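Asks: Quick one: structure below, then a few questions.
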2 protein chains.
Amino acid sequence: MAMATSGRKLASQQTQQIAMHTEVPGPETKKLLLEYSEIGGGGGAVAMFLDLEKSNGCYVVDADGNQMLDLFQQIASLPLGYNHPSLKAAHQDPLMQVFNISRPALGLFPCKEFPEICKEAFMSIAPEGLTKVQTMLCGSSANENVFKAAFFAMREKERAKIGQKGFTAEEEASCMNNQAPGCANHLSIMSFHGGFHGRTLAALTCTHSKTVHKLDVPAFDWPTADFPHLKYPLDQHKDENAKEEKRCLDHVRSLFEERKSKGTPVAGLIVEPVLSEGGDFHASPDFFKGLQKACEDYGAAFIVDEVQTGVGATGEMWAHEMWGLPTSPDFVCFSKKALLGGYYYKDHYQPPGGYRVFNTWMGDPCKALLFRQVVRTIKEDNLLERVKVCGVKLRDILDRAAKEAPAYVDNVRNQGCIAAFDSGSPANRDKLFSTLRNNGVFVGVNGTQSIRFRPPLIMEPEHLDQFEKIFFDTLHQLKAN
Amino acid sequence: MAMATSGRKLASQQTQQIAMHTEVPGPETKKLLLEYSEIGGGGGAVAMFLDLEKSNGCYVVDADGNQMLDLFQQIASLPLGYNHPSLKAAHQDPLMQVFNISRPALGLFPCKEFPEICKEAFMSIAPEGLTKVQTMLCGSSANENVFKAAFFAMREKERAKIGQKGFTAEEEASCMNNQAPGCANHLSIMSFHGGFHGRTLAALTCTHSKTVHKLDVPAFDWPTADFPHLKYPLDQHKDENAKEEKRCLDHVRSLFEERKSKGTPVAGLIVEPVLSEGGDFHASPDFFKGLQKACEDYGAAFIVDEVQTGVGATGEMWAHEMWGLPTSPDFVCFSKKALLGGYYYKDHYQPPGGYRVFNTWMGDPCKALLFRQVVRTIKEDNLLERVKVCGVKLRDILDRAAKEAPAYVDNVRNQGCIAAFDSGSPANRDKLFSTLRNNGVFVGVNGTQSIRFRPPLIMEPEHLDQFEKIFFDTLHQLKAN
């Protein structure tokens, strides 16, 4: 097959046998589940236990020895699949041991190699116009700290307006009691219905993808805007979709206006390029441009959460780079395929003084070392091109499946390898998901009745040939029942 | 010197030369700081850059080659000092590479070794009565998830009271908009003035140690109780201190009562055994027993945050084990010396269903592997006994210093090697801190005018001999100026 990529094929990228010995979860997973449940079971959502040593490239091996083609990759968090040779090499870097066993508190006492590692790992792929980076441990922590930076900036503006310099005694006293004016309780972050930004309580306030995330947990009284529910395929419903996007932009502006008029302005707006956990909702570049413009008009930070879409998954390093924004977003958050959390930000969002964005670890230099190697591998192996080629091929397979089995495959959409479709019902989706899994292909679910694909960047067209055969076999099997 | 410990002395535990070539921060740190500032500077609080490869045992080496006795240990987060041989061995475990480069999403797809690792690392040192453990990535994340578990339990009780099973349609709908009754906005977590529980927004709501943490950040309207301000030494002010503790317990109960009477009950109370960031505030076992009793009376979870005090720092594995509680706390949170965050909990706080306590990574098996080795080393090298011996010796040194230089050293207090004193003023504290540092001893600061000690568990009495000489020299130097 003709390849638009470098052609070099590593062992980890070769197709392998799919080998199913049991249903999933199999007896060994069930045994481990019982054992794990005795000490809490890790929260109660464990689906299967893995044999990570035997997992390789695009293939995951479970505790029962079932080898599956894994198109979900640890909730979209493995950029190079399992046990990639270049990461094996990075693990052998003598600094890896040092950083692992003598972990520094990066915000106070970073290792002397850290600025250079950050430049090579993060700044070498920074979106244009974003000059600063802050590492954290996970996506929730990244987002919560971005919120803080947005609040600081808004409060600085509010103080400048009244000519106040520094903090008042009343601010210093009231903040220790969780009260205004010291705590900026009048400020908020706007988010979208269907969006997901993490599960610590402020991040969760901005999350609206599933009730199970939010029930019984207190939330801030922050505004939630409608995100466009577009008709797919996008290019066949342009006028309707434009109307829907206009409606949602109007809603965003009305929420900005409502809060502004009450003296409780919105300090930032956070959005994913593809609303992933919620069900892979897409929108047009014009919609995102409109969001940025609304943020500018209301003096709010425009925050793009690329935790799931970033690091090459769409075929661009960052999904928002396809929007053609006149200027970069104020913040771009990453995690998952970046192997640790963090965010890029513009100069003027530098925290006004030390210890305002701070915690003990502020990231993990081990993961930064690994991510530097991921970035090198993406460049050397021309992986973004691979993702584009595979994205086109995956889309074609899904489009053909939609014609053949619309009760199971409908509303196909993708940006590169961020691909998804809806089934006709939640029950059909669940049946398709579990049958596929027992047939040796592991995909992700999201929303109420969607299936999502989050393959690693090293996926080859041959893996998709393998997927296609099993996918169509599975659809025929389901239709026959 | 006679040792109450095993006597086996590893290279990493031997005293070494303190060697200062420059003031701290030195020219190399300053150069790196400029370089790092160009890309954000990691938040703006960096004090020095480290040469972690050269750091060893109790000694940290900075980028300028200064070798200092480090009694702060990366904000109390290194249990075995720098580059401990047993952790070098753990790093060589073949699983370390696999877990590092093929990191699993532990809540959904844990590696098959994880239940066993959790048992050996965490459950083997679980406080009595705490049967379950949940790993997370950091202390903030641990605490935020504990809050959730406490909210779930309180809502279950509220539902049981009115005979409601499952969620109402109104709950399902309202939660997606951040509103009651779906979001438990009437519930809260009580915390203490001077306490520190992390810096994500809900954890930060429970944090009241410094204004710089809280200014300009929105907080939940949760109650804050007075923590006793005791007179030291504790054994010379028993009556006064008992009165102060009674006053604070009454305050706690009045806050519980106030919220209960409004129909907005407190779901949990969180407290540190020693309020560390706030300035090392101690209280008696009776006080903590009183807190537990108040929690029981009001049906709230009793949450002990051992992020800074846990894993042997006091000479007990967990500081709260010295309180003689009739039953264990409902939750005990850890991080720092545990190398990753997490918490122990009682059976009946198991989340009512999967995905309610959940995120992508839910910890890091690499750090769990390391921590298993830490636990083994603590046991094999009898480190808790070492901490007790060193705690007594450190206390004696500080007590003598307090007699000699009370303007710099006052109100000495300790529990094992969690030790601190106040200086007579913030300026004196800062002068003592920086002069000590330039003389080759690195300690921590906290509160407004305190210095804290957070040495590693491998510290030997000989290290304290070395500290004593420099400490008294420094005090003489300061008094002479």
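The values are calculated or read from the model by the stated rules, or taken from the named source; none is laboratory data. The structure presented is a predicted model; accordingly, all values stated were derived computationally and were not measured. Virtual Cβ from ideal backbone geometry, glycine too; neighbours counted across all protein chains shown.
Asks: Answer yes or no as to whether B:V252 is over 30 Å from A:P265 (Cβ atoms) and either in contact with a Pro (Cβ under 7 Å, 6 or more places away or on another chain) or charged (D, E, K, R) (or both). I'd like the intermediate steps shown before the answer.
Replies: Details: over 30 Å from A:P265 (Cβ atoms): yes; either in contact with a Pro (Cβ under 7 Å, 6 or more places away or on another chain) or charged (D, E, K, R) (or both): no.
Taking the combined requirement at face value, the residue does not satisfy it.
Asks: (1) crowded, with 23+ Cβ neighbours inside 10 Å; (2) among the small types (G, A, S); (3) facing chain A (nearest Cβ under 9 Å): which one isn't true of B:G57, the others all being true?
Replies: (3)
Asks: Shifting gears a bit: Please give the number of the condition B:A405 fails out of (1) touching a residue at least 24 places away in the same chain (Cβ under 8 Å); (2) surrounded by fewer than 18 Cβ atoms within 10 Å (Cβ to Cβ).
Replies: Just one mismatch for B:A405, condition (2).
Asks: So for segment A:134-150 (the condition being modelled with pLDDT of 95 or more, surrounded by 22 or more Cβ atoms within 10 Å (Cβ to Cβ), more than 26 Å from B:P223 (Cβ to Cβ) and touching a Pro at 6+ places or on another chain (Cβ under 8 Å)), does at least one residue qualify?
Replies: yes
Asks: Any chance segment B:419-429 includes a residue that's closer than 25 Å to B:H320 by Cβ, of a type in the set (G, A, S) and buried (at least 22 other Cβ atoms within 10 Å of the Cβ)?
Replies: Yes, that holds for at least one residue.
Asks: Would you please name the residue that is farthest from B:L33 (Cα to Cα), looking only at residues in segment B:53-71 that are in contact with a Leu (Cβ under 8 Å, 6 or more places away or on another chain) and without any contact (Cβ under 8 Å) to a residue 40 or more places away in the chain?
Replies: B:E53
Asks: Considering segment B:270-301 alone, what residues qualify as being among the charged types (D, E, K, R) and either in the same structural domain as B:Q415 (by TED's automatic domain parsing) or within 16 Å of the chain's Cα centre (by Cα) (or both)?
Replies: Listed by number, the residues that qualify are B:E272, B:E277, B:D280.
Asks: In addition: Of everything in segment A:26-40, what is surrounded by 15 or more Cβ atoms within 10 Å (Cβ to Cβ), in contact (Cβ under 8 Å) with a residue 24 or more places away in the chain and either within 11 Å of another protein chain (Cβ to nearest Cβ) or part of a helix (DSSP H, G or I) (or both)? Give them in sequence order.
Replies: Within segment A:26-40, A:E28, A:T29, A:L32 qualify.
Asks: Any idea which of B:F256, B:F196, B:F220 is more than 22 Å from the chain's Cα centre (by Cα) and touching a residue at least 60 places away in the same chain (Cβ under 8 Å)?
Replies: Every option except B:F256 fails the conditions.
Asks: Only residues that are facing chain B (nearest Cβ under 8 Å), without any contact (Cβ under 8 Å) to a residue 40 or more places away in the chain and hydrophobic (A, V, I, L, M, F, W, C): list them for segment A:109-161, please.
Replies: Result: A:F109, A:M123.
Asks: Which number in (1) more than 7 Å from chain B (Cβ to nearest Cβ); (2) out of contact with any Gly (no Cβ under 8 Å at 6 or more places or on another chain) marks the one condition that A:Q67 misses?
Replies: Every condition holds for A:Q67 apart from (2).
Asks: Hey, can you tell me all the residues within segment B:62-88 that are aliphatic (A, V, I, L, M) and either buried (at least 22 other Cβ atoms within 10 Å of the Cβ) or not assigned by TED's automatic domain parsing to the domain that holds B:L50 (or both)?
Replies: Residues satisfying the conditions are B:A63, B:M68, B:L69, B:L71, B:A76, B:L78, B:L80, B:L87.
Asks: Among the numbered criteria (1) more than 9 Å from chain A (Cβ to nearest Cβ); (2) without any contact (Cβ under 8 Å) to a residue 24 or more places away in the chain, which one does B:Q74 miss?
Replies: It fails just one condition, (1).
Asks: Taking the residues in segment A:41-54 that are at positive phi and outside any loop (DSSP other than H, G, I, E, B) as candidates, determine which candidate is surrounded by the fewest Cβ atoms within 10 Å (Cβ to Cβ).
Replies: To start, the set of residues in segment A:41-54 that are at positive phi comprises A:41-44.
Now restrict to residues that are outside any loop (DSSP other than H, G, I, E, B): A:41-43.
Working: A:G41: 21, A:G42: 26, A:G43: 23.
Only one residue fits best here, namely A:G41.
Asks: On to the next question. Answer yes or no as to whether B:S124 is surrounded by fewer than 20 Cβ atoms within 10 Å (Cβ to Cβ), small (G, A, S) and either in contact with a Phe, Trp or Tyr (Cβ under 7 Å, 6 or more places away or on another chain) or assigned to a helix (DSSP H, G or I) (or both). Don't jump to the end; show me each part of the working.
Replies: Details: surrounded by fewer than 20 Cβ atoms within 10 Å (Cβ to Cβ): yes; small (G, A, S): yes; either in contact with a Phe, Trp or Tyr (Cβ under 7 Å, 6 or more places away or on another chain) or assigned to a helix (DSSP H, G or I) (or both): yes.
For B:S124, the condition - surrounded by fewer than 20 Cβ atoms within 10 Å (Cβ to Cβ), small (G, A, S) and either in contact with a Phe, Trp or Tyr (Cβ under 7 Å, 6 or more places away or on another chain) or assigned to a helix (DSSP H, G or I) (or both) - is met.
Asks: Looking at segment B:163-179, which of its residues are at the interface with another protein chain (Cβ under 9 Å from one of its Cβ atoms) and small (G, A, S)?
Replies: Hit for segment B:163-179 is B:A173, nothing else.
Asks: Another question, then. Can you find a residue that is farther than 16 Å from B:T29 by Cβ and assigned to a helix (DSSP H, G or I) anywhere in segment B:101-114?
Replies: Let us first name the residues in segment B:101-114 that are farther than 16 Å from B:T29 by Cβ, namely B:101-114.
Now restrict to residues that are assigned to a helix (DSSP H, G or I): B:101, B:114.
Yes, there is a match, as at least one residue in segment B:101-114 is farther than 16 Å from B:T29 by Cβ and assigned to a helix (DSSP H, G or I).
Asks: Now a separate question. Among (1) more than 30 Å from B:C111 (Cα to Cα); (2) in contact with an Asp or Glu (Cβ under 7 Å, 6 or more places away or on another chain); (3) hydroxyl-bearing (S, T, Y), there is one condition B:Y298 misses while meeting the rest; what is its number?
Replies: Every condition holds for B:Y298 apart from (2).
Asks: Something else: Any residue at all in segment B:77-91 that is touching a residue at least 60 places away in the same chain (Cβ under 8 Å), more than 22 Å from A:H91 (Cα to Cα) and facing chain A (nearest Cβ under 7 Å)?
Replies: yes
Asks: Could you tell me which residue of segment B:181-230 is surrounded by the fewest Cβ atoms within 10 Å (Cβ to Cβ), considering only residues that are aromatic (F, W, Y) and facing another protein chain (nearest Cβ under 7 Å)? Before you say what the answer is, go through the steps one by one.
Replies: Of all residues in segment B:181-230, those aromatic (F, W, Y) come to B:192, B:196, B:220, B:222, B:227.
Then keep just the ones that are facing another protein chain (nearest Cβ under 7 Å); that gives B:220, B:222.
Details: B:F220: 22, B:W222: 20.
Ranking the candidates gives B:W222 first.
Asks: Look through segment A:231-275, keep the residues that are of a type in the set (A, V, I, L, M, F, W, C) and part of a helix (DSSP H, G or I), and return whichever of them is surrounded by the most Cβ atoms within 10 Å (Cβ to Cβ).
Replies: If we take residues in segment A:231-275 being of a type in the set (A, V, I, L, M, F, W, C) and part of a helix (DSSP H, G or I), then A:V252 is surrounded by the most Cβ atoms within 10 Å (Cβ to Cβ).
Asks: Can you find a residue that is within 20 Å of A:A419 (Cβ to Cβ), crowded, with 24+ Cβ neighbours inside 10 Å and of a type in the set (G, A, S) anywhere in segment A:318-337? Lay out the reasoning, then the answer.
Replies: Here is the first cut: in segment A:318-337, the residues within 20 Å of A:A419 (Cβ to Cβ) are A:318-323, A:336-337.
If we keep only those that are crowded, with 24+ Cβ neighbours inside 10 Å as well, we get A:318-320, A:336-337.
Checking which are of a type in the set (G, A, S) leaves us with A:319.
Looking through segment A:318-337, at least one residue is within 20 Å of A:A419 (Cβ to Cβ), crowded, with 24+ Cβ neighbours inside 10 Å and of a type in the set (G, A, S).
Asks: Could you grab me the full set of residues in segment B:286-317 that are charged (D, E, K, R) and crowded, with 19+ Cβ neighbours inside 10 Å?
Replies: B:D305, B:E306, B:E316
Asks: While we're on this one: State yes or no: is A:A180 within 24 Å of B:H197 (Cα to Cα), within 28 Å of the chain's Cα centre (by Cα), small (G, A, S) and at pLDDT 95 or above?
Replies: Spelling it out, it is not the case that A:A180 is within 24 Å of B:H197 (Cα to Cα), within 28 Å of the chain's Cα centre (by Cα), small (G, A, S) and at pLDDT 95 or above.
Asks: Also, quick follow-up: What are the residue pairs meeting all of these: first residue in segment B:311-325, first residue farther than 18 Å from B:V389 by Cα and assigned to a helix (DSSP H, G or I), second residue aromatic (F, W, Y) and modelled with pLDDT of 95 or more, Cβ atoms under 8 Å, and 6 or more apart or on different chains?
Replies: B:H320/B:F288
Asks: Got at least one residue in segment B:377-386 being in a loop (DSSP other than H, G, I, E, B) and either of a type in the set (A, V, I, L, M) or surrounded by fewer than 20 Cβ atoms within 10 Å (Cβ to Cβ) (or both)? Give the derivation first.
Replies: Taking segment B:377-386 as the starting set, the residues that turn out to be in a loop (DSSP other than H, G, I, E, B) are B:381-382.
Still in the running and either of a type in the set (A, V, I, L, M) or surrounded by fewer than 20 Cβ atoms within 10 Å (Cβ to Cβ) (or both): B:382.
Scanning segment B:377-386, I find at least one residue that is in a loop (DSSP other than H, G, I, E, B) and either of a type in the set (A, V, I, L, M) or surrounded by fewer than 20 Cβ atoms within 10 Å (Cβ to Cβ) (or both), so the answer is yes.
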